[in-house]
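The values are calculated or read from the model by the stated rules, or taken from the named source; none is laboratory data. What you see is a predicted model; the values in this text were computed from it and never measured. All Cβ positions, glycine included, derive from the backbone under ideal geometry; neighbour counts span all protein chains shown.
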């Protein structure tokens with residue numbers, strides 16, 4: 001992250017110091033030669049972001065649908081070539097993400113996730129601490145979101161981005177590239193759990209979602225309907241469980 005000179009006011013004193021600030025960019029996703037959507041994001045892990053977004057929007061089911069995905073034009077364009085010509089959705093929904101996210105899907109219908117990881121409270125606290133340790137940009141600036149995927153024992157990979165929804169797309173894209181199954185695993189995040197976050201989680205088959213902050217009421221309703229254990233305010237030595245507490249090993 002780039003360092004900026006800023007001033008800090010504290011106890012009557014104005015002090016000058018250097019502070020890292022997160023980068024943001026507008027990146028266009030080009031699919032089969034057509035500019036489809038522009039995303040506000042942190043311009044790293046862009047191949048992962050593109051693959052995860054294509055998966056979340058239902059354009060691909062896996063890497064077998066993708067000829068190539070590459071970054072070009074100074075990281076301002078991500079080009080994806082798919083084996084099939086697919087109609088690109090046009091009904092845009094602006095999400096509640098702080099990075100002005102976008103989605104073209106609103107719901108997934110009726111289903112219910114079974115099984116998946118079970119976690120003790122101690123393991124939840126340990127995984128959230130590990131997420132923090134593995135999130136250098138979040139620690140240094142605080143102006144960025146971080147999410148990680150866990151098999152219930154450790155955090156497997158962490159994504160950071162100015163958009164909390166982008167972190168989930170980056171996680172799914174990374175798992176596609178590395179051959180990691182997301183079904184039945186847990187997601188940990190620093191961001192608020194709104195409907196689009198819950199939908200992306202459900203599409204991955206993730207059955208346990210943990211945040212250090214709050215879900216929305218609609219997200220809780222969907223989590224209860226879809227069989228997802230939703231934990232919020234996981235801070236210090238406490239948390240709140242909003243749905244399916246049967247996956248808590250107490």
Review point. Scanning segment 1-22 for residues that are in contact (Cβ under 8 Å) with a residue 24 or more places away in the chain and not in a strand (DSSP E or B), which turns out surrounded by the most Cβ atoms within 10 Å (Cβ to Cβ)?
Key: 22
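For residue 160, are the conditions met, namely being buried (at least 21 other Cβ atoms within 10 Å of the Cβ), closer than 23 Å to residue 243 by Cα, touching a helix residue (DSSP H, G or I) at 6+ places or on another chain (Cβ under 6 Å) and touching a residue at least 40 places away in the same chain (Cβ under 8 Å)?
The answer is no for residue 160.
Criterion first (out of contact with any strand residue (DSSP E or B) (no Cβ under 8 Å at 6 or more places or on another chain) and either in contact (Cβ under 8 Å) with a residue 60 or more places away in the chain or outside the structural domain of residue 232 (by TED's automatic domain parsing) (or both)) does residue 173 satisfy it?
It is true that residue 173 is out of contact with any strand residue (DSSP E or B) (no Cβ under 8 Å at 6 or more places or on another chain) and either in contact (Cβ under 8 Å) with a residue 60 or more places away in the chain or outside the structural domain of residue 232 (by TED's automatic domain parsing) (or both).
Examine segment 123-140 for a residue that is at pLDDT 95 or above and not in a helix (DSSP H, G or I), and state whether such a residue exists.
yes
Residues checked against (1) within 14 Å of residue 147 (Cβ to Cβ); (2) not in a helix (DSSP H, G or I):
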{"residue": "182", "(1), (2)": "yes, yes"}
{"residue": "188", "(1), (2)": "yes, yes"}
{"residue": "210", "(1), (2)": "yes, yes"}
{"residue": "220", "(1), (2)": "no, no"}
{"residue": "233", "(1), (2)": "no, yes"}
{"residue": "239", "(1), (2)": "no, yes"}
{"residue": "246", "(1), (2)": "no, no"}
Exercise for review: Give the number of residues within segment 54-90 that are surrounded by 19 or more Cβ atoms within 10 Å (Cβ to Cβ) and on the phi > 0 side of the Ramachandran plot.
Suggested key: 0
Check your understanding: Does any residue of segment 206-228 turn out to be out of contact with any strand residue (DSSP E or B) (no Cβ under 8 Å at 6 or more places or on another chain), outside the structural domain of residue 59 (by TED's automatic domain parsing) and closer than 27 Å to residue 47 by Cβ?
Key -> no
Review point. Could you give every pair whose Cβ atoms fall below 6 Å, whose first residue belongs to segment 70-84 and is at pLDDT below 90, and whose second residue is in a loop (DSSP other than H, G, I, E, B), counting only separations of at least 6 or pairs across chains?
Key: 75/43
